[in-house]
Structure formats: C-alpha cells, structure tokens
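The values are calculated or read from the model by the stated rules, or taken from the named source; none is laboratory data. Treat the numbers as computed from the prediction; the structure is a model and nothing was measured. Virtual Cβ from ideal backbone geometry, glycine too; neighbours counted across all protein chains shown.
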Amino acid sequence: MQSFHSDSNTKQNSHGSNMQTRDWPHQDNCIVCNGPLETGLHLCLLCPLAKSVWTQVLTWEHFDVQLIQHDVDPSKINSWWEEAAQKVPKDQRRRFNGMVIYVLWNLWKERNR
Ligand SMILES: [Zn+2]
C-alpha cells in the first residue's frame, strides 16, 4: 500500500493529501461519510466508519480500544501506527501489526467497492 508510506520527495498540500498531490483518483469528500477531503488518514483512522471498525476489531482481538486515540493529531497513518505499536506489549506487537494491516487493507477495499 504505497499511499501509507511517507515519501520525502512528495510535497504535501495543506490538506496533507498524498492522493491529491500524486493526482491519484480521489474524491473531494469522503465517499463513505461525505466528510472532509478524502485522505489516507481520514479513510484509515478518522472516518466514522473506520473508527467503528477499529473499535470492533480491537475489542475482538482483546486490544485496548484506546489505541485508536492519538496523543498528537497524526499527519500520517504511519505516525499513528508507530505511536500505537509502542503502547502494545512487545510480545503482542507482531499480532497487533498484522491486525493493523488487515484492517487498513479492508478499509481500503471497502472504499473502492
Ligand atoms: Zn469518511
């Protein structure tokens, strides 16, 4: 999922949207909730749909649902991910990271339906 990686060569616009900067197909509003400009971060973490999916999956997997909260507003999904993974006990981290990949991939698939 290229769009989730930081890319130092990519200048971000004021909305922080790599999709827009890269001229990838995107919507001006989130196609799921009709919220603000569609960004990877919105789709994966901030969208009400994403939040509800995260809450359910974290609960099923016996992780703390507070993990979707963030201390500082993350500008990129990877900053949130790194911050969240630090809060997970080391022996659970591999399972946590696998779950994150699974959730992100499914949110992305849902957006593209
Ligand atoms: Zn949304």
Completion exercise
If we keep only residues of the range 34-51 that are modelled with pLDDT under 90 and not in a helix (DSSP H, G or I), then the residue surrounded by the most Cβ atoms within 10 Å (Cβ to Cβ) is THR39
Handout entry: Residue check, LEU58 within 15 Å of the ligand (Cβ to nearest atom) and surrounded by 12 or more Cβ atoms within 10 Å (Cβ to Cβ)
Key = no
Practice task
For HIS42, work out the one condition from (1) touching a Cys at 6+ places or on another chain (Cβ under 8 Å); (2) touching a residue at least 40 places away in the same chain (Cβ under 8 Å) it doesn't fulfil.
Solution key: (2)
Practice task
Mind listing whichever residues of the range 52-103 are modelled with pLDDT under 90 and assigned to a loop (DSSP other than H, G, I, E, B)?
Solution key: GLN69, HIS70, ASP71, VAL72, ASP73, PRO74, SER75, LYS76
